[in-house]
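Here the structure is laid out as C-alpha cells; the discussion comes afterwards.
The values are calculated or read from the model by the stated rules, or taken from the named source; none is laboratory data. Just so it is clear, the model here is predicted, and its values are computed rather than measured. Using ideal geometry, Cβ is built from the backbone for each residue, glycine included, and neighbour counts are taken over all protein chains shown. Each accessible area value is taken on the protein alone, full model and side chains, heavy atoms only, with ligands, DNA and RNA left out. Shrake-Rupley method; radii C 1.70, N 1.55, O 1.52, S 1.80 Å.
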Amino acid sequence: MGIVAASALVYPLLVCAVQLVFVQLLTVDVSAIVLWLVLGVSCSVALVAALRWGADRRVRSPWLLVGLAPPAVFELWLVWPLLTT
C-alpha cells in the first residue's frame with residue numbers, strides 16, 4: 001500500500017517541478033514560486049512518509065506481491081531496449 005501511495009504522489013511532484021521551472025524562467029512571480037515550492041516539498045515529504053510506512057508493514061498475503069508483477073514486467077518491457085544497447 002505504501003508503494004501505491006508513493007507512486008500516486010510522483011505525478012503531483014512532477015507537476016510541481018515543471019510549474020516551478022516555468023514560473024522561475026518565464027514569468028518571475030514570487031508568490032507562485034513560493035506556492036509551487038511549498039507544494040513540491042509537501043509532496044516530497046508525503047512520498048517519503050508513504051514509503052517508510054509501507055516498508056514498516058509486513059506483507060500479509062503473497063497475492064499482493066504477485067499483483068506487483070504485471071506492472072514490473074511492463075516497465076521492464078519498456079526499458080529493455082535501453083538496457084540491451
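Structure notes:
- Only listed residue being polar (S, T, N, Q), at pLDDT below 80 and part of a helix (DSSP H, G or I), chosen from Gln19, Gln24: Gln24
- Selection over region 52-85 of residues that are open to solvent by less than 90 Å² (accessible area, probe 1.4 Å) and not in a helix (DSSP H, G or I) gives a count of 3.
- Test: Leu14 is surrounded by 12 or more Cβ atoms within 10 Å (Cβ to Cβ) and in contact (Cβ under 8 Å) with a residue 40 or more places away in the chain: no
- Which listed residue is surrounded by 14 or more Cβ atoms within 10 Å (Cβ to Cβ), closer than 14 Å to Tyr11 by Cα and not aromatic (Phe, Trp, Tyr), from Leu35, Leu39: Leu39
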